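Data block below; observations after.
The values are calculated or read from the model by the stated rules, or taken from the named source; none is laboratory data. Note that the structure is predicted; figures quoted are calculated from it, not measured. Cβ atoms come from the backbone with ideal geometry, glycine included; neighbour counts cover every protein chain shown.
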Amino acid sequence: MNRILLFVIGVTVLAGCEFYEQDEYREYYVVEAYLVAYDPLPDIILSKTVPIEEEYVYSDASVNDASVEVRLLNADSTINERYTYGSGGEGLYYPTESAAVQEKQLYQLYVTLPGGDSIEAKTYVPGDFETVNRQELPDQYRYRGDKQIEITTTRSEYHTGRQAYYVFTVNAEKPDSTNLTPFYADLVGEQERSLQNYSVHSSGIINEGNYSPTPEGNITLKVPWLSIAFYGHNEVVTNAIDDNMYDFLRSQETQTGGFSLSPGEIQNIRYNINGGIGIFGSMARDKNRFEVLRPPR
């Protein structure tokens, strides 16, 4: 089963155990779901943690007998629409009807568990945005060359009026060891990490201190070279993230010193989920495609 997050933001959430400061192990339910503006309602993954001394087997940790519902809420938090989910096995729940995620709307996840416990979380979907300099963007860029990838977009709006936060996700079309950029070639070679760890790779959070406003009211974002793991054709996804994803990524960065969390390494991360851990987040996104060329020898 493909993990949702690996294709959206490049961070692993589900894990086998956690390192909370506690005297005795406590089991937690783990949620993973991401709403994307104008995309269909997403699948939802539900599992539970296991003690650190036990081997983590996802099929054993998955939760398959829960009642799952996603709700579109009104501004006063009353329910506007209900979307029920069916179980597909191995902790995967899928929407039983087709519906598109609406931008700038509040959604609630509500899960009822067999023992009577419940899980609840809310997310506000950021406003949609688009690339406005797409026609001016070159098809090719030289890795760490004089010209950096700069994407100018309209602004994504958020209901609290806060600044927009962005994350770039870079999807390599042909992740081959011979195409690794130098930094990641060293990681794979010295630490024997899998290529798949970097075929979908993300930048850190980009805030207003790292992007430039334009006279037209748009913003220009620079794609960090460190987010490019492979030479060749790459899809660069610009994601405007909600508060839940911001809190998760920010606290994870603080706890682990980066954006790669291995199974079994959940720290004291801010989840914004009642009755469980994990993430129920949302984003708006736009995509561009570039070829990254090797530097001259």
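A count restricted to the stretch 207-237 and to residues that are over 21 Å from residue 145 (Cα atoms) and either of a type in the set (Ser, Thr, Tyr) or in contact with a strand residue (DSSP E or B) (Cβ under 7 Å, 6 or more places away or on another chain) (or both) stands at 4.
I'd like to verify a number: residues in the stretch 112-138 that are in a strand (DSSP E or B) and within 21 Å of the chain's Cα centre (by Cα), how many? The total comes to 7. Taken over the stretch 102-130, the criterion of being within 17 Å of residue 37 (Cβ to Cβ) and exposed (fewer than 15 other Cβ atoms within 10 Å of the Cβ) is satisfied by 130 alone. Looking only at the stretch 193-203, decide whether some residue is modelled with pLDDT under 90, of a type in the set (Gly, Ala, Ser) and over 24 Å from residue 239 (Cα atoms). Yes, the stretch 193-203 contains at least one residue that is modelled with pLDDT under 90, of a type in the set (Gly, Ala, Ser) and over 24 Å from residue 239 (Cα atoms). When the stretch 155-184 is filtered for residues that are hydrophobic (A, V, I, L, M, F, W, C) and assigned to a strand (DSSP E or B), the ones remaining, listed by number, are 167, 168, 170, 172, 180. In the set (1) out of contact with any strand residue (DSSP E or B) (no Cβ under 7 Å at 6 or more places or on another chain); (2) at pLDDT 90 or above; (3) of a type in the set (Gly, Ala, Ser), residue 189 fails one condition alone, (2).
Of the residues making up the stretch 72-96, just one is in contact with a Gly (Cβ under 8 Å, 6 or more places away or on another chain) and either at pLDDT below 95 or buried (at least 19 other Cβ atoms within 10 Å of the Cβ) (or both), namely 93. Checked against the criterion of being among the hydroxyl-bearing types (Ser, Thr, Tyr), touching a Pro at 6+ places or on another chain (Cβ under 7 Å) and under 25 Å from residue 29 (Cβ atoms), the stretch 88-104 has no qualifying residue.
Pick from 61, 99, 33: which is in contact (Cβ under 8 Å) with a residue 12 or more places away in the chain and surrounded by fewer than 17 Cβ atoms within 10 Å (Cβ to Cβ)? Steps first, answer last, please.
Working: 61 fails: surrounded by fewer than 17 Cβ atoms within 10 Å (Cβ to Cβ); 33 fails: surrounded by fewer than 17 Cβ atoms within 10 Å (Cβ to Cβ).
Of the residues listed, the single one that is in contact (Cβ under 8 Å) with a residue 12 or more places away in the chain and surrounded by fewer than 17 Cβ atoms within 10 Å (Cβ to Cβ) is 99.
Taken over the stretch 48-77, the criterion of being in contact with a strand residue (DSSP E or B) (Cβ under 8 Å, 6 or more places away or on another chain) and not in a loop (DSSP other than H, G, I, E, B) is satisfied by 48, 58, 61, 62, 67, 68, 69, 70, 71, 72, 73. Scanning the stretch 198-224 for residues that are buried (at least 16 other Cβ atoms within 10 Å of the Cβ), in a helix (DSSP H, G or I) and out of contact with any helix residue (DSSP H, G or I) (no Cβ under 8 Å at 6 or more places or on another chain) turns up just one, 199.
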